[in-house]
Amino acid sequence: MPRIGDKAPNFQAITTQGNINFPEDYIGKWVILFSHPADFTPVCTSEFMTFASLEDKFGKANCKLVGLSIDGLYSHIAWLRTIKDKIEFNGMKNIEVKFPLIEDITMEVAKKYGMIQPGESKTQAVRAVFFIDPESIVRAIIYYPLSLGRNFDEIYRALIAMQTADAFSVATPADWNPGDDVIVSPAGTCGVADERMTSTDGLDCKDWFFCTKKLDKQEVLDTVLKN
Ligand code: BEZ
């Protein structure tokens with residue numbers, strides 16, 4: 001089961017958008033690889049409609065979406081057609097899911113990624129979200145139980161926060177969003193700790209180990225939303 005910092009395990013799969021070779025087909029892009037318990041279930045349907053409606057927004061942040069469940073290809077196709085033809089949710093209707101949905105009837109991929117958590121279900125994947133960076137490194141993982149639909153604002157926020165941390169060599173505090181102050185790396189020597197308490201070079205230090213600085217919202221957006 002991959003952990004943060006590991007290379008994303010590779011696999012080949014059949015999807016609703018043709019075959020994929022993962023992660024090779026996605027090098028140079030962020031990917032959100034996510035699992036859901038089953039096709040034709042209501043929470044999953046609400047999530048797919050939400051993710052599909054946000055696909056362009058994630059695309060602007062250089063991020064592709066890839067879904068997975070332990071269902072076959074024809075079930076996936078039938079479910080996605082039903083969603084488009086019949087389901088309305090939260091003001092969304094006629095939603096076409098254009099990102100790939102992996103068939104994983106053998107559970108090969110789900111097992112590789114630790115998406116089967118037997119205490120929750122032995123036959124259905126939990127709601128896992130793997131954030132994989134352009135070098136195919138797993139950067140964050142979120143798991144939700146079967147009954148809990150995901151918060152897509154948080155998934156997007158996490159993606160933008162990691163891209164900001166990479167681009168500006170900073171960290172992001174609790175509940176950070178673009179435009180909020182960012183955290184600068186902690187002092188690594190006693191001398192730097194002293195400087196942090198006296199310097200006026202744009203840092204706001206609450207104490208030697210806790211310093212923030214302003215990072216302009218537009219600069220963040222111009223940097224991460226290049227696509
Ligand atoms: C759902 O997506 O609605 C769901 C799936 C599995 C268990 C509970 C709910």
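Annotations for the structure displayed:
- Karplus-based coupling profile of region 161-174, in residue order and whole Hz: 5, 5, 5, 5, 4, 5, 6, 10, 6, 10, 10, 10, x, 3, with θ = phi - 60° in 6.51 cos²θ - 1.76 cosθ + 1.60 and x standing for Gly or Pro.
- Those aspartates and glutamates that a straight Cα-Cα span of less than 13 Å connects to Lys98, excepting residues fewer than 8 apart in one chain: Glu55, Asp56
- Spin-label pair Ile183/Glu135, simplified geometry with 7 Å Cα→Cβ offset, distance in nm: 2.2 nm
- Along the chain, counting only trypsin sites (Lys or Arg not before Pro) with a DSSP assignment other than H, G, I, E or B and at most 13 other Cβ atoms inside a 10 Å radius, the longest segment between sites is 123-213.
- Net charge of neighbours whose Cβ lies under 13 Å from the Cβ of Val43, counting Lys and Arg as +1 and Asp and Glu as -1: 0
- Unsatisfied cross-links (Cα-Cα over 31 Å) in the set Lys57/Lys112; Lys111/Lys214; Lys86/Lys226; Lys64/Lys93: Lys111/Lys214; Lys86/Lys226
- Packing here is the average count of other Cβ atoms within 10 Å per residue, and on that basis the peptides 140-147, 128-135, 102-109, highest first, run 128-135, 102-109, 140-147.
- Anisotropy class of region 66-169 from Cα gyration tensor, a/c 1.5 cut: oblate
- A straight Cα-to-Cα reach below 16 Å connects Lys217 with the aspartates and glutamates Asp166, Asp175, Asp180, Asp181, residues fewer than 8 places away in its own chain not being considered.
- Seen from Val138, the other residues with C-beta closer than 9 Å to its C-beta sum to a net charge of +1, counting Lys and Arg as +1 and Asp and Glu as -1.
- Length added when fully stretched, Lys57-Asp216, from 0.36 nm per residue minus Cα-Cα: 55.2 nm
- Extension gain for Glu88-Ala171 works out to 26.0 nm (0.36 nm per residue, less the C-alpha to C-alpha distance).
- For region 82-139 versus region 1-64, the gap between their alpha-carbon centres in whole angstrom: 7 Å
- For a modelled paramagnetic label at Glu154, 7 Å from Cα along Cα-to-Cβ, the residues of region 111-135 in reach, with backbone nitrogen under 15 Å, are 127-131.
- Distant-in-sequence amide contacts of Gln117, defined by a placed amide H-H separation under 5 Å and a gap of 5 or more residues or a different chain, comprise Val126.
- Note on Ile77 and Thr41: with the Förster distance fixed at 25 Å, the Cβ-Cβ geometry gives a FRET efficiency of about 0.95.
- Using θ = phi - 60° and Karplus 6.51 cos²θ - 1.76 cosθ + 1.60, couplings along region 111-118 (whole Hz; Gly, Pro as x): 5, 4, 9, x, 8, 9, 10, x
- Three-way shape label, region 1-123, alpha-carbon gyration tensor, a/c 1.5: oblate
- Summarising the label geometry, the points placed 7 Å from Cα in the beta-carbon direction at Ala193 and Asp25 lie 5.2 nm from one another.
A short reminder: the numbers here are calculations on the coordinates, not readings from a lab. Quick caveat: nothing in here was measured; it's all calculated off a predicted structure. So basically every Cβ, Gly included, is an ideal-geometry build from the backbone, and we count neighbours across all protein chains shown.
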